[in-house]
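Working notes, beginning with the structure itself.
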Amino acid sequence: SAVSKNPEVPFSSEAYRISATSRGKELRLTLAPLGPGEPQDLVFRFGMSGSFRLCPVAQLPRHAHLRFLTRESPPRALCFVDARRFGSWRLGDAWQPGRGPCVLSEYQAFRENVLKNLEDKAFDKPICEALLNQKFFNGIGNYLRAEILYRLKIPPFEKARTVLEALKDQEQARRKKNPSLTLSKKLKLMRENPDLLELCHTVPMEVISAEKKLFDPDNSDNYAAFKNWLQCYLVPGMSSLRDRNGRTIWFQGEPGPMAPKGQASRRKRAQMKADPKAPIPKVTIHASKRRPRAAAKPPEPAAAEEEEKVADGPRKGRAPRGRKKATTTPALSKPEVLVKARRSRRTTARTGRGEAGSP
């Protein structure tokens, strides 16, 4: 698309096949010509809103930044859709350097990479922040970390090394106790008593192996199924805090000893729909404390309505010190208007701000 800053794809073929391989948070597409020509590889990162969608060409979604057209009639398009444009693609087949083994396809290598590098400074941080480090947890994102920690009842701001060193000790004890465990028995133990690293594999597998396409935003039933699958992330009754990277972590119970100081935990409430049959509460308009000499005459209906709108509207911040808020006042008689106008001119001369009233 015209607004995309990603590289042009130097590929041309009358007919080609697309295949895909994933690793952690990256996806590699291979465009293979069915006739003469060389294949082209593209490696995608999805950001927060990137996804692929197959749809009729006549109904292209907004923000379809890359499109692969089918030869059928009417044609369809496989689109890389990214509303926020945080996603990207690059030419070639190389995975991004610095990313660790995939939590899904390279589980054993992923586990070993974490446990043998516990001295790394990345594990000086809270476990919720360490889980987003793709050098060690390639494939874990914001909603997955919340679900994993919730299932194990681990405080999100517990020190990562403290949590993971306990796993290392447990693993060594398990090997000494059962040195001849078969693979099937190991898998059975993993299912019955999973640890944090095992859940980094099995929790995303639940999403991938689900019968429904839980992440399809165009299908409300599927999205509802994904929301029902969530146990912690964005769930009413759960608490939330922002970590030191500005990402919100959802949890239950105490946050842990490394929680950011001076930040109050927020609890998500269930959104209640307004009852159309409920009685409308009466609104009492109080006289301003700054104008004690104002007449006790009630405002006109139009003025009262405007005042209610101001009171119910969002607060965009406090007014600068020394400036008065603009308020809607009731209609004045002619002498009162002249007095107000003169006062307004004197106030303008002193503060350099405001409008002079006109009779």
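The values are calculated or read from the model by the stated rules, or taken from the named source; none is laboratory data. Just so we're clear, the structure is a prediction, and the values are computed from it rather than from any experiment. Quick reminder, even Gly has a Cβ in these numbers, built from the backbone with ideal geometry, and neighbours come from all protein chains shown. Protein only, heavy atoms only, side chains kept; ligands, DNA and RNA dropped before computing areas. Shrake-Rupley method; radii C 1.70, N 1.55, O 1.52, S 1.80 Å.
A compact table of results
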item	result
Calculated FRET efficiency for the pair ARG267/GLN108, C-beta based, R₀ 51 Å, to 0.05	0.85
R0 of 30 Å, Cβ-Cβ distance GLU8-LYS116: FRET efficiency to nearest 0.05	0.10
Apportionment of accessible area to carbon and sulfur, the range 1-85, percent (1.4 Å)	49 percent
For the range 59-140: relative contact order, % (alpha-carbon pairs under 8 angstrom, 6 or more apart)	24 percent
Of LYS135/LYS268; LYS159/LYS268; LYS227/LYS268; LYS135/LYS227, those spanning more than 21 Å from alpha-carbon to alpha-carbon	LYS135/LYS268; LYS159/LYS268; LYS135/LYS227
Accessible carbon and sulfur surface of the range 91-140 relative to its total accessible area, %, 1.4 Å	50 percent
Per residue, in Å², the accessible surface of the range 16-91 once ligands and nucleic acids are set aside, probe 1.4 Å	60 Å²
Largest-first ordering by accessible area, 1.4 Å probe, given options LYS268, LYS5	LYS5, LYS268
